[in-house]
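Down below is the structure, laid out as structure tokens.
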Amino acid sequence: MSVTSRLQSSTVSSQSSLDLHTPVKFIKGVGPKRADDLASKNLFTVEDLLYNLPYRYEDRTHFRKVKELNPGEYASVLVKVLTAGLMITRKSHVRIFDLAGRDESGVVRCKWFHSDYLAQRKVFKPGQTVIFYGRFEVDPYGTGNLQVINPEFEILDDEADSGDSLEMGRIVPVYESIKGCSSRVLRRILYSVLDQLKGVTDALPAEIVSRRALLARAVALCEAHFPSSGTAMQALGGFRTPALRSLIFEELFFLGVGMALKR
């Protein structure tokens with residue numbers, strides 16, 4: 001069942017326990033400590049959390065193969081870690097964490113400057129499956145391989161192979177980093193919220209919603225965080241999907257109302 005279908009069914013379920021005014025600490029998977037981390041970004045309620053929209057999306061229904069990458073482009077690749085460790089350049093003594101990963105088509109290098117913590121915490125281990133996202137360029141010190149500097153990454157686990165995965169086989173939302181709440185953690189929290197949410201009514205007058213062909217707020221929030229399969233990536237990238245357009249219009253509408261009231 002899609003997230004939108006789950007939301008629509010949960011709005012009439014007696015088991016639903018969240019509404020827009022519920023403090024985030026009462027959301028499953030949050031708790032007091034994580035609630036404090038969210039509060040640092042002014043996210044205090046379910047409504048605050050839902051309006052903290054993704055800043056980009058990744059199409060994980062398929063990944064680019066290493067051999068398909070072109071220098072200068074941003075892309076996501078899914079690779080197995082071959083080697084990973086800290087190295088120090090001979091002349092300038094710059095500390096670089098260097099990782100080699102491969103898929104069935106080739107090898108790519110991932111490098112982080114001044115990132116000793118990756119080695120200290122043993123973040124990467126050979127055999128891990130990892131998604132890397134960034135701008136790929138020719139490695140000037142390699143043998144024709146491409147490299148990506150300071151890429152975003154996500155280490156996958158067995159859950160990512162399941163049919164209900166939030167990480168694979170779908171369009172995945174990516175959120176701005178929050179201390180204590182990685183993008184992956186936020187996805188799981190938001191999915192749980194949307195599954196339990198009830199009592200979401202339209203904030204805009206019905207006449208405006210109809211005239212502007214806007215989505216119902218409940219559906220728009222759901223589609224903004226977890227787009228349906230087949231949603232155009234170009235539209236998502238430009239924040240031009242019906243869901244995102246509806247939420248942006250809502251924000252501008254109330255901004256205009258607020259300015260009018262001040263006048």
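The values are calculated or read from the model by the stated rules, or taken from the named source; none is laboratory data. These figures come from a predicted structure and were not determined experimentally. Methodologically, a virtual Cβ is constructed for each residue, glycine included, from the backbone with ideal geometry; neighbour enumeration extends over all protein chains shown. Please note that ligands, DNA and RNA were not included when accessible areas were found on the heavy atoms of the full protein model with its side chains. Shrake-Rupley method; radii C 1.70, N 1.55, O 1.52, S 1.80 Å.
Tell me whether segment 157-167 contains one or more residues that are closer than 27 Å to THR45 by Cα, out of contact with any Ser or Thr (no Cβ under 7 Å at 6 or more places or on another chain), buried (at least 17 other Cβ atoms within 10 Å of the Cβ) and at pLDDT below 90. Yes, segment 157-167 contains a residue that is closer than 27 Å to THR45 by Cα, out of contact with any Ser or Thr (no Cβ under 7 Å at 6 or more places or on another chain), buried (at least 17 other Cβ atoms within 10 Å of the Cβ) and at pLDDT below 90. Would you check which residues across segment 38-51 are surrounded by fewer than 17 Cβ atoms within 10 Å (Cβ to Cβ) and either farther than 20 Å from LEU221 by Cα or within 16 Å of the chain's Cα centre (by Cα) (or both) and list them? The answer is ALA39, SER40, TYR51.
On the phi < 0 side of the Ramachandran plot, among the acidic types (Asp, Glu) and either part of a loop (DSSP other than H, G, I, E, B) or open to solvent by 50 Å² or more (accessible area, probe 1.4 Å) (or both): is that true of GLU154 in this structure? No, not satisfied. Return the only residue of PRO227, PRO242 being farther than 25 Å from VAL30 by Cα and either touching a strand residue (DSSP E or B) at 6+ places or on another chain (Cβ under 6 Å) or open to solvent by 20 Å² or more (accessible area, probe 1.4 Å) (or both). When all the criteria are applied, what remains is PRO242.
Scanning segment 52-99 for residues that are surrounded by 19 or more Cβ atoms within 10 Å (Cβ to Cβ) and over 24 Å from VAL172 (Cβ atoms) yields a single hit, PHE97.
Among the criteria (1) surrounded by 12 or more Cβ atoms within 10 Å (Cβ to Cβ); (2) at pLDDT 90 or above; (3) farther than 24 Å from VAL172 by Cα, the one GLY142 does not fulfil is (2).
With respect to the conditions (1) under 22 Å from MET233 (Cβ atoms); (2) part of a strand (DSSP E or B), LEU53 lacks only one, and its number is (2). Would you check if LEU20 is under 16 Å from LEU194 (Cβ atoms), touching a strand residue (DSSP E or B) at 6+ places or on another chain (Cβ under 9 Å) and either β-branched (Val, Ile, Thr) or in contact (Cβ under 8 Å) with a residue 24 or more places away in the chain (or both)? Yes: the conditions hold for LEU20.
Out of the residues in segment 23-35 that are free of Cβ contacts under 8 Å to residues at least 60 places away in the same chain and open to solvent by 70 Å² or more (accessible area, probe 1.4 Å), state the one that is farthest from SER182 (Cα to Cα). Per the stated criteria, the residue is PHE26.
Scanning segment 245-254 for residues that are open to solvent by less than 100 Å² (accessible area, probe 1.4 Å) and free of Cβ contacts under 8 Å to residues at least 24 places away in the same chain gives a single hit, ILE248.
So is SER115 among the hydroxyl-bearing types (Ser, Thr, Tyr) and within 27 Å of LEU166 (Cα to Cα) or not? No: the conditions fail for SER115. Is it the case that PHE239 is of a type in the set (Phe, Trp, Tyr), closer than 22 Å to ASP48 by Cβ and touching a Leu at 6+ places or on another chain (Cβ under 8 Å)? No.
Are any of the residues in segment 94-107 farther than 15 Å from ASN145 by Cα and at pLDDT below 90?
Yes, there is a match, as at least one residue in segment 94-107 is farther than 15 Å from ASN145 by Cα and at pLDDT below 90.
Taking segment 197-214, which residues are open to solvent by 60 Å² or more (accessible area, probe 1.4 Å) and aliphatic (A, V, I, L, M)? Passing the criteria: ALA206, ALA213.
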